[in-house]
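Undergrad: Please find one structure pasted underneath; my questions will follow.
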Amino acid sequence: MTNSNQDSKLLLTKEEMKQYGYKIIDHIVAHFETQDSKKPVALATREEMDSLLAEGIPEHPQPPYEVLDFVMNHIIPNSNIVTHPKSFSFVPGPSNYISVMADTIATGFNIFSGGWASSPAAAELEIVTMNWLLEMFGFPKKAGGGIFTSGGSMANLTALVTARRLKCGSDFSKATIYLSDQAHSSNIKAIKVIGFKKEQIRIIPTDLEFKIAINKLKNSIARDRLEGLQPFCIIASAGTTNTGTVDPLEEIASICETENLWFHIDGAYGGAAILSEKGKKLLKGIEKADSLTVDPHKWFFQPYEMGCLLVKNHNWLSHTFTEKPEYLRDIEGNESEINFYDHGIQLTRRFRALKLYMSLKTFGLESFKKAITYAIDSTEKTEEHLRQSKLWEITSPATLAIINFRYNPIDQHLSETQLDQINQSISKKIIDSRDALLVTTLLNDQVVIRMCLINPRTTFEDITTTLKQCEGYAEEILLELIPQ
Ligand SMILES: *Cc1c(COP(=O)(O)O)cnc(C)c1O
C-alpha cells in the first residue's frame, strides 16, 4: 500500500483491502485456533506500557503492515484472553466466531442503527431479536419492548431513568431506592448518575445465602413511608456477580405490587440461565419485573459490547427518551416504525442486533441451551469435586455458574488471618504464573477464590488442573507461613 495519492481520501485499492482484510482474518482465526494453549493473563505496568506504546501524533503515513504487525505483536498480547477456557474470573466473555464476523459486517457497512428511516431492516432486526428475548423471559411480546445497549451498566441506567420518570415524575427529592449489599456496583453508579443523593439509597443486608433479606427490606420500606419519604424502586439481582445468587424474585414482585414500586431486575450476569431447566426454576418470577437487564456479551456468548434492557411496555421507553430536535423532523416514522434513539440515551448506535441474530440462527437456540446447561452442570461437578477434598472448603456453593471456595485443610486449624493470607497468595501466584485468570473476592469478610464457569469450552480438566496447581502453591505458602 504505497499509493499515497489515495491517502487523502482514506482509501485503499480493491486488492489492498482484500489482502489487508484476509491477513486480519488469518490473525483472528489463528487466535481462535490456538488461544487455549496461550496464557490468559496479561501483566504489565503503566511504565512498561508507556515505554512500549506512548508516542506522538503520527503526522505521516506509515507502512500498513508495519502498523498491523505492531498491533498484533505488542498490543493484542498485552490483554487478558477473556475467551480462554481458564479465564475463570469476573464474568468472562466467551464470544463466538459468527458474532465476531457479524460485528465485522455491522462495522464494514457502518450501519446507523438509530432511526427507522436510516436502516429499516436494522431497526426491524432489533425488534425481531428483542421479541426472541421477550419470549425467553416471559415478557409480553406485543406490549413489551427493549433496547440493546453497550452493556449491563447502560441497561441499568436506562431502566432507572425510566423508573424514576414513571414513578416520581419530576420531583424525586423524597424518593428512595432499595438494593442488596450484593447488587452490582453499576446500579449504585446509575443511581448517582440520575441525581440521587446517598441518603436516598437503601443498601439492604443479605442473608446467609447472600439473598436480599426480605424482612429487612420490608422494614426499610415501612420506615421510609413513616418518615414521609417515597419508596419508588427495588433492584433485585438475578445472579449476583459475587456468588451467582438470585434474590427471591416472587417475594420482591409481591412487595412491589402492594407497595406500588418499580421492580427492576439486574440479570446482566445470570439472566441467560433462563435457557436451562435448572436456571428457569431459580429465575422463577423474573417475568414479573417491570424492567430487566440482561447482558448478551456475557452468557449469551456475544463479543463486546452488547447489553440489553427489556421492559413490560415499550411506551415507557419512548415516553421517557423521545426528544424532537428539528433536524430529525423529516425522519419521524409512525408508532410501529421504531426509532431506537427514542428508546434510550444514544442517538448514533451501532448495529448490535446483527450478531445475536446471526449467531442464534447459525447455532440454533438449542446450542445455546446446551452451552448454558453445560456450564451449570460443570459448576456443580466442581462443587462435588471440592467437597471430596480435605484441602478445600466451599464458601458459596455452585449457583448458576459461579462457585466460591477457599483453601482450608481440615487438619491444619489455621486462623482466619492465615486463611486470608494463604488464599490471597494462591491467587497471586496463579496470576503471576499467568496460567489461569483466577482472583479472589470477599464474602463475609473472608478472602475466597471465585470461579465463574460460563465458557462452554472450559473442560473439567481445565478446572481440576488449575485446582491442583493452586494446591501446589498452597503447600509452598504454608511452608513459608508455618515452617514445619
Ligand atoms: C457485569 C454486570 C453488570 C455490568 O454490566 P457491563 O456490561 O459490564 O456494563 C451489571 N450487573 C451485573 C449483575 C453484572 O454481572
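The values are calculated or read from the model by the stated rules, or taken from the named source; none is laboratory data. Note that the coordinates shown come from a computational prediction; the quantities given were computed from them, not determined experimentally. The protein model used for the area step is the full one, side chains on, heavy atoms only, and it has no ligands, DNA or RNA in it. Shrake-Rupley method; radii C 1.70, N 1.55, O 1.52, S 1.80 Å.
Undergrad: Scattering from the C-alpha atoms of segment 1-130 alone, worked out with Debye: what is log10 I(q)/I(0) at q = 0.12, 0.21 1/Å?
TA: Calculated log10 I(q)/I(0) at the listed q: -0.74, -1.26.
Undergrad: Cα atoms only, segment 145-213: Rg and Dmax in Å?
TA: 12.9, 38
Undergrad: Further question on the same structure: Explain nothing, just the number: relative contact order of the chain, from Cα pairs under 8 Å at least 6 residues apart, as a whole percent. Don't skip to the end; give the middle numbers.
TA: Working: 814 pairs, mean separation 95.1, N = 484.
Answer for the chain is 20 percent.
Undergrad: Longer than 18 Å from Cα to Cα, which of K284/K370; K298/K355; K141/K312; K284/K381; K429/K468; K211/K284 are they? Say none if no pair is.
TA: Among K284/K370; K298/K355; K141/K312; K284/K381; K429/K468; K211/K284, the Cα-Cα distance tops 18 Å for K284/K370; K284/K381.
Undergrad: Related question: Sorting D103, D26 by accessible area (1.4 Å probe), largest first, what list results? Don't skip to the answer; put the middle values down first.
TA: Working: D103 20, D26 105 Å².
Correct descending sequence by accessible area is D26, D103.
Undergrad: For segment 401-484, which whole-number percentage of the solvent-accessible area (1.4 Å probe, protein heavy atoms only) is attributable to carbon and sulfur atoms?
TA: Numbers: 1880 of 3720 Å².
Here it works out to 51 percent.
Undergrad: Leaving out ligands, DNA and RNA, what percent of the accessible area of segment 244-398 is carbon and sulfur, probe 1.4 Å?
TA: In segment 244-398, the share of accessible area belonging to carbon and sulfur is 51 percent.
Undergrad: While we're on this one: Hey, what D do you get for segment 237-342 in µm²/s if you plug the Kirkwood alpha-carbon radius into Stokes-Einstein at 37 °C and 0.692 mPa s?
TA: 211
Undergrad: Hey, another quick one. Treating each Cα of segment 175-267 as an identical point scatterer and ignoring solvent, apply the Debye formula and state log10 I(q)/I(0) at q = 0.12, 0.14, 0.23 Å⁻¹.
TA: Per q value, in the given order, log10 I(q)/I(0) is -0.32, -0.44, -1.23.
Undergrad: Can I ask one more? Find, to one decimal place in angstroms, the Kirkwood hydrodynamic radius of segment 7-79, where the mean of 1/r is taken over every pair of different Cα atoms and then inverted. Write down the numbers at each step before the final one.
TA: Details: mean 1/r = 0.0682 Å⁻¹.
Hydrodynamic radius (Kirkwood, Cα pairs) of segment 7-79 is 14.7 Å.
Undergrad: Averaged across orientations, what area in nm² does the convex hull of the alpha carbons in segment 102-362 project?
TA: Mean shadow area of the hull around the Cα atoms is 13.8 nm².
Undergrad: What is the log10 of I(q)/I(0) for segment 360-446, computed with the Debye formula using one identical point scatterer on each Cα and no solvent, at q = 0.22, 0.23, 0.25 Å⁻¹?
TA: Rounded to two decimals, the profile gives -1.13, -1.19, -1.28.
Undergrad: In Å², what does the accessible area per residue of the chain work out to with a 1.4 Å probe? Spell out each step's value before the answer.
TA: Working: 23440 Å² over 484 residues.
Dividing the accessible area of the chain by its residue count gives 48 Å².
Undergrad: When the accessible area of segment 125-198 is split by element with a 1.4 Å probe, what percent falls to carbon and sulfur? Numbers along the way, then the final one.
TA: Details: 1620 of 2930 Å².
Of the solvent-accessible surface of segment 125-198, carbon and sulfur hold 55 percent.
Undergrad: Here's another thing I want to ask about it. Quick one: compute the contact order of segment 102-362, relative version, from alpha carbon pairs under 8 angstrom and 6+ residues apart, as a percent.
TA: Values: 489 pairs, mean separation 77.2, N = 261.
The normalised contact order for segment 102-362 reaches 30 percent.
Undergrad: Another one. Helix-only mean residue ellipticity at 222 nm, the chain, DSSP H runs n ≥ 4 weighted -39,500 (n - 2.57), per residue, nearest 500. What is it? Don't skip to the end; give the middle numbers.
TA: Values: 16 runs with 207 residues, N = 484.
Calculated at 222 nm, the ellipticity per residue is -13500 deg cm²/dmol.
Undergrad: Turning to a different aspect of this structure: Report the full-extension gain for the segment S170 to T464: residue separation times 0.36 nm, less the Cα-Cα distance, to one decimal in nm. Intermediate values should be presented prior to the final figure.
TA: Working: separation 294, 0.36 × 294 = 105.84 nm, distance 5.48 nm.
Result for the pair: 100.4 nm of gain on full extension.
Undergrad: Using only alpha carbon pairs under 8 Å that are at least six residues apart, calculate the relative contact order of segment 99-177 and give it in whole percent. Mind dumping the intermediate values first?
TA: On the way: 28 pairs, mean separation 10.3, N = 79.
RCO, segment 99-177: 13 percent.
Undergrad: Using all Cα-Cα distances in the chain, what percent lands in each 20 angstrom bin from 0 up to the longest?
TA: Using 20 Å bins, I get a P(r) of 21, 50, 26, 2, 0 for the chain.
Undergrad: Now, a different point. How do K86, K429, K141 stack up against each other in accessible area, from largest to smallest, with a 1.4 angstrom probe? Write out the running numbers ahead of the final one.
TA: Working: K86 35, K429 60, K141 100 Å².
Putting K86, K429, K141 in descending order of accessible area: K141, K429, K86.
Undergrad: Sticking with this structure for a sec: Hey, any idea what Rg/Rh is for segment 72-181, computing Rh the Kirkwood way over Cα pairs?
TA: Answer for segment 72-181: 1.05.
Undergrad: Tally the DSSP beta bridges in the chain and give the antiparallel ones as a percent, rounded to 5.
TA: 55
Undergrad: Further question on the same structure: Under the Kirkwood approximation applied to all pairs of distinct alpha-carbon atoms, what is the hydrodynamic radius of segment 289-391 in Å? Intermediate results must be reported in sequence, preceding the final value.
TA: Values: mean 1/r = 0.0583 Å⁻¹.
Taking the inverse mean of 1/r over all distinct Cα pairs, segment 289-391 comes out at 17.2 Å.
Undergrad: Which aspartates and glutamates have a Cα lying under 18 Å from the Cα of K192, excluding residues fewer than 8 positions away in the same chain?
TA: Partners found: D171, D181, D266.
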